[in-house]
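A.B. asks: The structure is given below, and queries will be raised subsequently.
The values are calculated or read from the model by the stated rules, or taken from the named source; none is laboratory data. Because the structure is predicted, anything quoted here is derived from the model rather than measured. Using ideal geometry, Cβ is built from the backbone for each residue, glycine included, and neighbour counts are taken over all protein chains shown. Please note that ligands, DNA and RNA were not included when accessible areas were found on the heavy atoms of the full protein model with its side chains. Shrake-Rupley method; radii C 1.70, N 1.55, O 1.52, S 1.80 Å.
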Amino acid sequence: MYSDDAVFDRMVLEMILVIGGASQGKDRFACGLLMAGNEIKYEKNLARGGRDLPDTVFQKPYVSGYQEIIRTLLEEGRDPETFTSELIAADPELVVMDEVGSGIVPISRDEREYREAVGRAGQLLAAHAEQVYRVICGIGMRIK
């Protein structure tokens, strides 16, 4: 399922979703939640949106910046909802993503479609997740 370098600490994989605004400390919170300070292990097993290709998420147990993966999928003409369902089937341990639906509705049609696609993906991920945390100012609150 994941690369042979992946190390799993839990016997049963249950997905955790961490959401929050940009620059709110989601990755630091997630690393602390999973690794208790082992940032190197976290980074080694992390697929990062905006840096890695979308299909990298199927090779790593942790995914961060999932909203940027959705942006890339839309730019490539791929369906984010289908991709998110495939990601769920791959059973990642952790997905971290920005909340992009708050605030002013974008004027650009592409940006509105992106925002809606991220929202739908978040709903799918949250429905599947065993735990969901919202992080604000580095403080995580479990909402599921």
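A.B. asks: Can you confirm whether segment 104-124 contains a residue that is open to solvent by less than 10 Å² (accessible area, probe 1.4 Å) and out of contact with any Asp or Glu (no Cβ under 8 Å at 6 or more places or on another chain)?
C.D. replies: No, there is no match, as no residue in segment 104-124 is open to solvent by less than 10 Å² (accessible area, probe 1.4 Å) and out of contact with any Asp or Glu (no Cβ under 8 Å at 6 or more places or on another chain).
A.B. asks: On to the next question. Return the pairs, sorted by first residue and then second, in which the second residue is exposed (fewer than 11 other Cβ atoms within 10 Å of the Cβ), the first residue lies in segment 103-130 and is over 12 Å from PRO80 (Cα atoms), the beta carbons are less than 7 Å apart, and the residues are 6+ apart or on different chains.
C.D. replies: ARG112/VAL105
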